[in-house]
Every structure is written in structure tokens, then in C-alpha cells.
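Inspection log for the structure reproduced underneath, given as C-alpha cells.
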Amino acid sequence: MNRLLTTTAVALALTAGAAQAQVTLTLWTESASAPEGVFAREFSEIDNGITIDVREIRFDDLVADTLRAFATRTNPDLIAIDNPDHAAFSSRGAFLDITDMVAASDVIDADAIFEGPRSSLSWDGRMFGLPRASNTIALYYNKDLFRAAGLDPDSPPATWDEFLAAARALADPANDVYGVAFSARASEEGTFQFLPWAQMAGGSFDNINAEGVADALTLWKTLLDEGLASPDTLTRGQWDSTGTFNGGNAAMAISGPWELGRMAADAQFDWGVTLLPVKEEGGPRASALGDFNLAIFANTQHPEEAFAFLEYYQSQVERVWPEFTRLPSVAGVALAPTGNERIDAAAAVFAEQLESARNRGPHPEWPRISRAIQTGFQSVLTGAAEPQAALDAARDEIDRILN
Amino acid sequence: MTRLIRSLRDGIGFDTLLIILALFYLFVFAGLPLIYNVIISFQRVDVFSLGTLWHPNVGFENYERVFNDPLARRVLINTLIFTIGSVALQFTLGFAAALFFHQRFPGATWFRGLFLAGWIMPGLVVGVLWNWLLSGDFGVINHVLKSMGWIDSAIFWRSDTAWSLYAVMMANVWYGMPFNMILLSVGLAAIPDDLYEAAELDGANAWQRFWTITLPMMRSTIGAVLALGVIFTLQQFDLFAAITQGGPAGSSTVAQYWSWELSFREFDFGRGAVISVMMIVVVLFVSLIYVRSTRAETRL
């Protein structure tokens with residue numbers, strides 16, 4: 001009798017325990033088909049009492065919607081956020097400090113995370129998230145058009161001069177072919193694309209009018225003035241710009257590894273990827289460090305469960321390249337072959353380019369800094385200002401924000 | 001007590017009750033936000049203090065920063081051009097279409113109904129459609145203009161600073177025209193036919209009938225349509241977001257879009273509110289015209 005009672009009590013306790021452990025977390029992301037969306041669905045299916053609701057929010061609205069939600073305390077438990085936006089949240093205590101949880105974790109090794117992504121999610125020496133992946137931009141080129149223009153597809157342009165010469169040789173207005181497609185839009189994408197050129201010329205976001213940066217801007221202006229890039233470069237994002245490359249309407253394109261899957265399916269020609277051309281032979285390399293970070297909001301009711309998802313994410317990180325063509329942000333993860341030889345060839349290029357990729361910020365006021373840079377290059381490209389004057393004005397504005 | 005109940009059921013008390021309900025609704029959902037908007041235009045509000053009710057006072061600093069912004073002049077001029085241009089074209093085309101469909105020909109009412117199809121579409125959808133039409137390299141509009149031989153090289157409607165504002169205006173005129181047409185059609189239908197018959201007997205030609213009968217009889221409708229047109233145009237946001245995002249280099253930024261950019265791109269709600277306050281003043285003024293013209297309507 002006693003035994004029966006004990007068994008019943010244990011069974012009851014177990015049911016109660018299971019009922020209590022049923023936790024639902026919310027995750028906001030720009031795309032449910034990105035790694036965190038896919039992994040969150042898998043994680044929900046594991047019998048651990050945790051379910052994650054994934055909500056998709058347009059990239060352009062992600063920060064604004066999240067800030068609004070945070071202001072009214074209706075924010076999600078977890079978010080995947082663009083890395084330059086991370087500091088605004090972590091510096092104000094919106095994100096959970098996970099430094100100690102990471103130190104106690106067997107799955108996440110903070111020291112294995114590359115320096116760039118790690119600094120984007122750190123504030124005051126503490127960790128406020130986990131990198132989803134890393135990406136950077138490089139130069140895609142259409143090998144068939146290279147051959148047709150008498151250029152060697154095996155030695156793509158390596159310096160700015162060669163790049164400009166190639167763009168001139170490849171542009172073919174009669175057949176609706178531009179030399180190059182990129183994005184100089186007045187949005188974070190434009191900043192993302194411009195900063196590497198400024199950095200290769202010796203500048204940086206806090207020294208945007210350094211000597212030489214005007215040359216970068218002049219190069220961009222030449223591309224537009226000579227009709228080597230579509231005038232819509234000013235209003236088009238990277239995804240749409242690269243779409244014109246895939247359609248054969250641009251012979252080169254500057255974009256990141258997120259394009260690889262679509263390009264492999266859409267592009268009806270032979271293509272390759274090479275490092276961004278440097279200013280002069282032997283000059284410094286630079287590229288943009290992109291992609292998102294995963295973070296837990298400080299006001300979540302379930303920090304342990306949310307952290308369990310970050311651990312699950314990290315345990316799956318070697319899938320990030322072959323399944324999503326994104327570069328892992330941790331050391332020691334080999335880029336597994338995808339079965340597509342062009343994508344596999346691109347893997348090595350992007351991995352090498354990533355070594356010279358630099359952070360935007362981190363700074364809590366990044367959107368305003370970025371805005372000043374956008375105003376700078378857009379005013380030059382539309383002919384409203386001279387390069388050096390526009391960069392000086394951008395520098396003044398950025399100095400005001402930084403101080 | 002019974003008098004009060006009787007008055008509530010049938011009499012002045014019932015009217016008062018209805019008015020109080022309406023006023024209460026207006027005060028809570030329109031009045032308070034408006035007042036709060038004016039208050040935060042004098043405060044420093046960023047996202048992390050957005051949730052608190054009260055923020056640090058900065059006096060006229062937000063106003064000074066908005067007026068001294070290099071973009072301010074451009075935005076003011078753009079807003080004037082966009083509003084006046086859009087309303088004038090929407091009204092003229094809408095009036096012309098209304099007069100056309102007022103002629104009795106087979107299918108006139110059907111065609112008029114079809115015109116409304118554009119107006120019932122969400123602004124963002126219209127914006128995306130026009131975005132494709134206006135695209136520089138592959139846009140339909142450029143293709144048509146080129147094959148007609150009217151232009152030699154493509155016009156980059158969205159990316160050319162000389163065109164970007166007019167590209168959005170074109171889309172907005174198309175979008176708002178049917179609404180103007182329907183309101184003006186209602187006005188036309190209300191004019192008694194015998195007036196025209198009498199004028200015709202007196203020997204008035206079509207032009208004279210238009211100037212001496214149609215226009216004067218439509219005065220209140222026209223006032224209302226123009227006032228609503230200005231208000232709707234000052235609200236137009238979706239088309240800017242979908243077509244130019246206010247660019248390139250701010251060449252198509254108008255007040256309402258700038259206000260949104262300051263608030264939700266730069267997260268400076270104080271400066272965003274400054275622009276809203278100034279727009280409220282303009283809309284209040286236009287609303288006065290609207291109220292006056294509808295008052296004349298009830299007198300008729």
C-alpha cells in the first residue's frame with residue numbers, strides 16, 4: 001500500500017514537473033529560413049519542454065519594431081540582430097549579460113569566437129550574445145563575359161586600377177550589360193559596401209575623411225558617371241543589384257556569400273569570386289564584417305531556456321556553411337563541401353576575405369554614424385558635393401556623435 | 001430623476017450624451033496623442049526612454065536642430081511641390097474623368113467603378129508596382145517611352161535627383177485620382193438637370209454652362225475634395241517607402257517621410273515630433289477650409 005502511494009506521488013510529481021517545464025519562447029528574426037529559424041524549429045521538436053515561436057520581421061523594420069516592442073516591454077525572449085545594431089541594445093542593458101553562463105557552458109567556448117564578431121557583441125568587456133555567423137563582401141565576376149571581352153578569367157582584377165579598367169572593358173550598353181553591380185543606397189547596406197573601400201584607402205568610420213578616402217569615392221563616382229554601373233545603384237539594395245548580375249546584365253558584382261545559393265541556381269554562365277581589389281598592389285586589404293548576432297533580452301522570464309537554445313545553436317554551427325552558405329564565426333570549423341564546385345571555390349575566397357573584415361562600430365549610436373556616411377557618399381554620387389568636402393562634413397557629424 | 005431619464009430617452013439629454021461620447025472618444029484617441037506629440041517635441045526622447053511618460057526638457061533645441069538641418073530647406077520645398085502638384089493633378093484629372101463619366105453612354109457607371117480598383121489597393125502594393133514600372137534599366141515606362149521614340153536613353157526615375165520626387169508624385173496622382181473622381185461624381189449627380197435645361201433654352205453653350213452652373217453648384221464639393229486631397233497627400237508615406245526611400249541624397253524627402261526617418265531610423269523622437277507638430281498646424285488650417293465648405297453644403 002505504502003509503495004503504491006509512493007509510486008502515485010512520484011508519477012504525480014513527474015506530471016506536474018513536466019507541465020511546469022513547458023516553456024514557450026519567442027524569437028524575432030529577419031528570415032525564418034535563416035539558420036536560427038531552422039534550428040529553432042528543430043530545437044522545439046526536441047523533447048525538452050521548450051518551444052520557440054519564430055516571428056519573421058522584414059530586415060528594414062527589425063530594429064525599429066524591436067525598439068518599439070522593447071519600449072513597451074512586449075519584446076521577444078530572443079532576437080537575431082544585425083551586428084552593428086547590437087551595441088545600442090547591450091550598452092543600455094536591454095540584452096542579457098551571458099558572460100558567466102558562457103563560462104560555465106561546455107558547448108560554447110568564448111575564446112574560439114573570432115575577434116571581430118566577438119567585439120560586436122561585447123560591451124565593457126562583457127558578452128551579450130552569440131554570433132549567428134559571419135559574412136563579408138567580395139567581388140563576383142562573370143567568367144564568360146571576361147572571355148568575351150578578352151580578359152583572363154583566371155586573373156580577375158586585383159587593384160582598383162585593374163578593376164576600373166575591367167569595368168570599362170566589360171560594359172556593353174548595346175547589350176544592356178553594366179561593368180559592375182553594387183549598392184550605394186542610403187541605408188546600412190550602402191555603408192556596408194562603402195566602408196571597405198574607405199578602409200583600403202586608409203580611412204575608418206571615425207576617420208572617414210582620411211587622405212585617400214576621396215579616391216575611393218572618386219572611383220565610385222567614376223563608375224556611375226561613365227555608366228559602368230546602373231544609376232539605380234543609388235536606390236537598390238545588394239540583393240536586387242546582384243540579381244542583375246545573375247541575369248547577365250552586369251559583368252561583376254560586389255556582394256556576400258548569402259548570394260551563393262541563388263546564384264548557383266539562377267546564373268546561366270560560368271562565374272567565380274575573388275577578393276575585393278586593393279588600392280595599390282600590396283596595399284592593405286579590408287572588407288565589411290556582416291551578419292547577425294543572437295541575443296537574449298534581459299527581461300526574459302526564462303533565461304536558462306533561452307541560453308539552452310544558444311547552446312543548441314552552437315552545437316549545430318558546422319552546418320552553417322554547407323546548408324546556409326554563411327561563414328561560422330568560431331575557429332576550428334572546417335567549411336564542409338557543398339557538392340557545388342563553384343560554391344566550394346567561393347568558400348576559400350570568402351574565408352580569406354573574412355580575415356580582413358572589419359567591424360562597424362561597435363557604437364550605441366551606430367545608425368546615426370552610418371547615416372552621416374551615407375549622406376557623404378550619396379551627396380557626391382549625385383553631384384551635389386565634391387568628395388573631400390562631403391567627407392569633411394561627414395567627419396564633423398561623426399565627431400559630434402562620438403563626443 | 002424621471003425627468004432626467006425621460007430627457008435621456010428622448011430629448012436634449014440624449015443629444016448631449018451622444019456628443020459627450022463622441023467628444024470623449026476624440027479626446028482620448030486624437031486629442032491626447034496630439035497634445036503628447038507637442039510635449040515631446042520639447043523633450044529629448046530616445047528609444048530607451050520612450051517607455052517612460054516624462055523625458056528631460058530641452059526647450060526649443062529640437063526645433064533649432066530641425067530648422068538648421070541642411071536638409072530642412074530641401075524638405076520644405078519638396079513637400080510644397082509634392083502636395084500642390086499631387087492635389088492639382090489629382091483634382092484636374094479626377095474632375096475630367098468625373099465629367100466624362102457623367103455623360104450618359106453605355107457602361108459609363110461600370111467604367112467609373114473599375115477606376116476605383118486602383119484606389120482600394122494598399123499603398124505599399126501600389127508602391128511596389130510603381131517601383132517596377134519606374135525601374136531605370138528594365139522599367140515598363142522607359143520601355144514604352146523608348147519604343148515611342150520620345151526618349152533616347154533611359155530615365156532613371158528613382159535614382160536621378162531631378163526626377164525622384166516626380167516619380168513618386170506620378171504614382172501618387174494615379175493612386176489618388178479615383179477618389180477625387182468619385183467624390184466629384186457625387187457632386188455632379190446632385191446638380192438638378194432642369195438647371196441645365198433652362199440654361200440651354202436661354203442659349204448657353206457647354207462652356208458657359210460649366211462655368212455658370214457646374215462650378216458654382218460644386219463649390220462646396222470642390223472645397224471638400226481639395227481639403228481632403230491635401231490631407232491625404234500629407235499623409236502619403238507608403239509610396240515614398242516603396243519607391244525612393246526619400247533618396248537619392250534626400251532629393252525626394254518630404255516632411256512626413258523625414259519625420260518618420262528621424263523617429264524610426266535615427267531614433268530621435270523629439271525631432272520627429274517637431275515635424276509632426278508643424279504638419280498638424282498645416283492640417284488644422286486645411287481642416288478649417290474643409291469644415292467651412294461642408295458647412296455650406298448643409299446649408300444648401
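No lab work stands behind these numbers, since they all come straight from the coordinates. Please read all numbers here as calculations on a predicted model, not as lab measurements. We place every Cβ from the backbone using ideal geometry, glycine too, and count neighbours over all the protein chains shown.
Principal-axis analysis of the Cα atoms of chain A puts helix A:188-200 at an angle of about 60° to the longest axis.
Can you tell me the FRET efficiency between B:N68 and B:T2 if r is taken as the Cβ-Cβ distance and R0 is 45 Å, rounded to the nearest 0.05?
Details: r = 66 Å, r/R0 = 1.46.
Rounded to the nearest 0.05, the efficiency is 0.10.
How do A:F269, B:F82, B:F91 line up, fewest other C-beta atoms within 10 Å first? Working shown, then result.
Numbers: A:F269 12, B:F82 24, B:F91 21.
In order of increasing Cβ crowding within 10 Å: A:F269, B:F91, B:F82.
Taking a ≥ b ≥ c as the square roots of the eigenvalues of the Cα gyration tensor of segment A:249-392, is the shape rounded (a/c under 1.5), prolate (a/b larger than b/c) or oblate? Don't skip to the answer; put the middle values down first.
Values: a/c = 2.15, a/b = 1.18, b/c = 1.83.
Taking the square roots of the gyration eigenvalues as a ≥ b ≥ c, segment A:249-392 is oblate.
Coordinate range of the alpha-carbon atoms in the protein assembly as shown per principal axis, descending: 95, 91, 54 Å.
Spin-label model, A:V333 to A:R58: label points 7 Å out along the Cα-to-beta-carbon direction sit 3.0 nm apart.
Springs between Cα atoms under 10 Å define the GNM used for chain A, and in it the highest mean-square fluctuation of A:P196, A:P76, A:P117 occurs at A:P76.
For a quick check: sort A:T235, A:T26 by the number of other beta carbons within 10 angstrom, fewest at the front. Before the final figure, lay out the partial values.
On the way: A:T235 30, A:T26 19.
With the sparsest Cβ surroundings first, the list reads A:T26, A:T235.
Sort B:Y196, A:Y141 so the one with the fewest other Cβ atoms within 10 Å of its own Cβ comes first. Don't skip to the end; give the middle numbers.
On the way: B:Y196 15, A:Y141 25.
Final ranking by Cβ density, sparse to dense: B:Y196, A:Y141.
Assuming a ≥ b ≥ c are the square roots of the Cα gyration tensor eigenvalues, decide whether segment B:228-300 counts as rounded (a/c under 1.5), prolate (otherwise, with a/b larger than b/c) or oblate. The partial results should precede the final answer.
On the way: a/c = 3.90, a/b = 2.06, b/c = 1.90.
Judged from the Cα gyration tensor, segment B:228-300 comes out prolate (a/c at least 1.5, a/b above b/c).
Any idea what log10 I(q)/I(0) is at q = 0.15 Å⁻¹ for segment B:70-299, Debye with uniform C-alpha scatterers and no solvent? Per q value, in the given order, log10 I(q)/I(0) is -1.07.
Result for chain A in a Gaussian network model with C-alpha springs under 10 Å: among A:G227, A:G339, A:G179, the largest mean-square fluctuation is at A:G339. Projected onto their three principal axes, the Cα atoms of segment B:115-250 cover extents of 58, 35, 26 Å, largest first.
With only the Cα atoms considered, chain A has a convex hull volume of 149 Å³ per residue. Net charge dipole, segment B:38-142: roughly 400 debye, given to the nearest 20, about the Cα centre with Cβ charges of +1 for Lys and Arg and -1 for Asp and Glu.
Distances between placed amide hydrogens fall under 5 Å for A:V278 paired with A:T159, A:W160, all partners being 5 or more residues away or on another chain. For segment B:112-166, the set of chymotrypsin sites (Phe, Trp or Tyr not before Pro) satisfying both a DSSP loop assignment and a count of at most 12 other C-beta atoms within 10 Å is given as B:W150. The label-point distance for B:R292 and B:F29, in a model that sets each label 7 Å from Cα toward Cβ, rounds to 2.9 nm.
What the pair-distance distribution of segment B:171-237 shows, using all Cα-Cα distances binned every 10 Å from zero, is 19, 42, 25, 12, 3 percent.
Need one word for segment B:5-117: rounded, prolate or oblate. Basis is the Cα gyration tensor (sqrt eigenvalues a ≥ b ≥ c); a/c below 1.5 gives rounded, then a/b vs b/c decides. Oblate shape, in that a/c is at least 1.5 and b/c is the bigger or equal ratio. Phi angles across segment A:111-124 convert, under the Karplus curve 6.51 cos²θ - 1.76 cosθ + 1.60 with θ = phi - 60°, into 3J(HN,Hα) values of 6, 7, 6, 4, 4, x, x, 5, 5, 5, 9, 9, 8, 6 Hz, Gly and Pro given as x.
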